[in-house]
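Read through the structure below, which is laid out as structure tokens, and then see the notes.
The values are calculated or read from the model by the stated rules, or taken from the named source; none is laboratory data. Bear in mind that the values here come from a model prediction, so they are computed numbers and not experimental data. Neighbour counts are summed over all protein chains in view; Cβ atoms, including those assigned to glycine, are modelled from backbone coordinates with ideal geometry.
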Amino acid sequence: MAPPPITLRANLNNEDDEGLNWSLIRKAVDPDAIVEGAVLVAGSERFWSWVKIRRVDDDGQVHFERITPEEAAKSVPRAS
């Protein structure tokens, strides 16, 4: 099974002081899509997760939390 397209490349072992994962906005496929509340796939082809963006700092650091596939399905709009 192929992984889904990675929207934000990230090391999912990196955590900030609040326990959130983080990456840099420059590692995003589309930096404009990285906004608070966005649901997307972060990580790498070998280790990835659905995530919800919690905060984007002025210096380009992106803070996010991992969510379940069920939570992601409720947040991602479906094509009709």
Exercise. Applying the selection to the range 6-32, what residues are out of contact with any helix residue (DSSP H, G or I) (no Cβ under 7 Å at 6 or more places or on another chain) and either at pLDDT below 95 or of a type in the set (Ser, Thr, Tyr) (or both)?
Worked result: SER23
Exercise. Without any contact (Cβ under 8 Å) to a residue 60 or more places away in the chain, basic (Lys, Arg) and in a strand (DSSP E or B): does that describe LYS52?
Worked result: yes
Exercise. Restricted to the range 47-64, and to residues that are within 16 Å of ASP32 (Cβ to Cβ) and of a type in the set (A, V, I, L, M), which residue is surrounded by the most Cβ atoms within 10 Å (Cβ to Cβ)?
Worked result: VAL62
Exercise. Can you find a residue in the range 37-44 that is surrounded by 16 or more Cβ atoms within 10 Å (Cβ to Cβ), small (Gly, Ala, Ser) and either assigned to a loop (DSSP other than H, G, I, E, B) or without any contact (Cβ under 8 Å) to a residue 12 or more places away in the chain (or both)?
Worked result: yes
For this session: Can you work out which of the residues in the range 1-36 that are in contact (Cβ under 8 Å) with a residue 12 or more places away in the chain and of a type in the set (S, T, N, Q) is surrounded by the fewest Cβ atoms within 10 Å (Cβ to Cβ)?
Result: ASN11
For this session: Answer with yes or no whether ASP57 is touching a strand residue (DSSP E or B) at 6+ places or on another chain (Cβ under 8 Å), of a type in the set (Asp, Glu) and on the phi < 0 side of the Ramachandran plot.
Result: yes
